[in-house]
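Since the structure comes first, as structure tokens, the remarks are kept for the end.
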Amino acid sequence: MKQKPTLTFWQIWNLSFGFLGIQIGYSLQSSQTSRILSALGADLSHLNYYWLAAPIAGLIVQPLIGMSSDRTWTRFGRRIPFILGGAIVSALAMFFMPNSEFVAHIMPPFLFGAFMLLFMDCAFNVSMQPFRSLVGDMVNDRQRNQGYSTQSFLTNVGAVVGSLLPFVLTWIGIRNIPNEGEMVPPSVIWAFYFGGGALLLTVLWTSFRVKEYPPKEYEEYNNITDDEKQKKSFIHILKSTPKTMFQLGIVQFFSWFALFLMWVYATDGIAENVWNTKDPLSQAYNEAGNWNGVLSAVYGVFAVGFSIVMAKMANKLGRKKVYSFALLMGALGLVSMYFFNDKNLLLVSMLGVGIAWAGILAMPYAILSAVLPASRMGVYMGIFNATITIPQIAAGLTGSLLLKHIAGGSSIMMLVVAGVSMLLAAISVAFVQDKNTAVQPENIK
């Protein structure tokens with residue numbers, strides 16, 4: 001079998017550079033959506049339902065995009081057209097969402113905001129799925145850990161930038177409370193403008209700098225037979241799913257269940273536990289919203305740092321040990337937020353959350369891509385996205401019940417629930433079968 005070439009550092013960098021911009025947008029969505037919807041009039045007890053837009057979009061869109069990109073070849077490549085198209089639509093949704101109040105004469109602003117969230121998430125998913133497949137397409141086995149760790153690194157740099165934008169814009173003098181007669185602070189509106197612009201520019205960079213392997217060359221690199229090239233039904237593909245995907249799915253369920261709860265309830269939990277307020281239009285609540293952005297940036301910084309060493313750790317210790325350690329640290333970080341009433345102490349909690357986030361973005365894909373058939377890389381990566389979306393849907397549907405019956409109406413207690421779920425994820429890693437537990441020293445670059 002013809003071997004894939006060893007890529008240079010910058011070639012691997014370019015593969016995922018567009019993910020930097022996508023994560024800036026995704027991070028803004030994660031840290032500011034609850035804040036925007038609350039300001040537009042959404043009920044706190046119903047926030048989890050609005051957040052269902054993201055996982056539902058991913059559950060439907062990613063398998064379709066994966067299957068389509070597997071079967072597509074254009075002059076621009078097989079994955080790039082989807083990446084670029086999704087980026088354009090998501091940027092437009094980012095421009096409209098914080099301005100939802102200006103359509104009040106057509107529909108309730110929070111409802112329009114929810115629709116924009118749905119469009120944004122659909123578009124994010126159209127771009128994200130091919131990015132993950134693109135790395136699996138292009139790197140050889142020796143560079144697999146490096147490829148996905150680099151993607152995790154760029155993703156987390158984007159998370160830092162996106163999370164800090166409202167805080168930085170407030171610091172330079174842009175108003176952090178709504179103007180008279182308006183609902184959303186200008187700092188948030190301009191953050192979404194900058195985020196949408198960055199998304200487009202970085203995706204354009206990847207689109208023009210990456211040259212995908214043409215079909216014949218790709219088939220030679222991956223020893224794809226005539227039988228594998230034949231079109232198979234989705235049901236047939238699903239029945240042939242590697243066992244490792246199901247094992248990773250259990251880990252993914254608990255880890256993404258935890259992340260969803262964190263994203264939905266973090267701002268309100270911090271406002272409740274540190275600023276002692278639940279009023280979404282108050283100065284204190286908006287300070288808590290900005291601080292949640294700072295915390296998201298800080299855990300992004302920690303994730304960046306862990307991403308730098310993660311590939312070497314995985315090569316030496318094995319991916320499972322690194323993955324389990326990362327999730328355990330995330331569990332400790334989430335639970336600790338309950339005990340910290342000082343906003344600065346929450347920075348300590350973010351160390352654990354950041355390490356977990358880096359591991360979640362890289363290790364399952366490095367483990368999975370090693371066992372997937374190259375001819376079905378896209379569709380299986382799309383199907384695997386169900387292990388991200390289904391737990392979020394479950395969290396969205398049960399969030400109100402958990403808030404009422406387990407957390408006693410306390411948003412900060414919901415972060416403890418998230419921590420317990422992350423702990424279960426760490427334990428579940430033990431049952432995953434990894435093709436390569438470690439890389440032999442002579443293969444480590």
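Among the conditions (1) buried (at least 23 other Cβ atoms within 10 Å of the Cβ); (2) within 17 Å of TYR148 (Cα to Cα), the only one that LYS321 does not satisfy is (1).
Please verify whether LEU345 is in contact with a helix residue (DSSP H, G or I) (Cβ under 9 Å, 6 or more places away or on another chain) and buried (at least 24 other Cβ atoms within 10 Å of the Cβ), treating the condition exactly as stated. Criteria not met by LEU345. Answer yes or no: is there a residue in segment 368-381 that is closer than 14 Å to GLN252 by Cα and touching a residue at least 12 places away in the same chain (Cβ under 8 Å). Yes, because at least one residue in segment 368-381 is closer than 14 Å to GLN252 by Cα and touching a residue at least 12 places away in the same chain (Cβ under 8 Å). Listed by first and then second residue, the pairs with beta-carbon distance under 8 Å, at least 6 apart or on different chains, first residue in segment 266-280 and assigned to a loop (DSSP other than H, G, I, E, B), second surrounded by fewer than 22 Cβ atoms within 10 Å (Cβ to Cβ) and among the small types (Gly, Ala, Ser), are TRP275/ALA284; ASN276/ALA284; THR277/ALA284. Taken together, SER375, SER400, SER369 contain a single residue that is within 29 Å of ARG79 (Cα to Cα), surrounded by fewer than 24 Cβ atoms within 10 Å (Cβ to Cβ) and among the hydroxyl-bearing types (Ser, Thr, Tyr), which is SER375. Within segment 172-199, restricting attention to residues that are modelled with pLDDT under 90 and assigned to a helix (DSSP H, G or I), which residue is farthest from GLY25 (Cα to Cα)? By that ranking, first place goes to PRO186. Among residues of segment 288-308 being aliphatic (A, V, I, L, M) and under 23 Å from MET183 (Cβ atoms), the one that is modelled with the highest pLDDT is ALA288. I need the full set of residues from segment 57-86 which are among the basic types (Lys, Arg) and at pLDDT below 80, in order please. Within segment 57-86, ARG71 is the sole residue that qualifies. Checking TYR323, TYR285 one by one, the residue that is modelled with pLDDT under 85 and among the hydroxyl-bearing types (Ser, Thr, Tyr) is TYR285 and no other. Checked against (1) buried (at least 20 other Cβ atoms within 10 Å of the Cβ); (2) at pLDDT below 85; (3) under 16 Å from the mean Cα position of the chain (by Cα), SER34 passes all but a single condition, namely (3). Across segment 309-330, the qualifying residues are those that are part of a helix (DSSP H, G or I) and touching a Ser or Thr at 6+ places or on another chain (Cβ under 8 Å), and the one among them that is nearest to GLN252 (Cα to Cα) is LEU327.
The values are calculated or read from the model by the stated rules, or taken from the named source; none is laboratory data. Everything quoted here is computed from the prediction, not taken from an experiment. Positions of Cβ are generated from backbone atoms using ideal geometry, with glycine treated the same way; all protein chains shown enter the neighbour counts.
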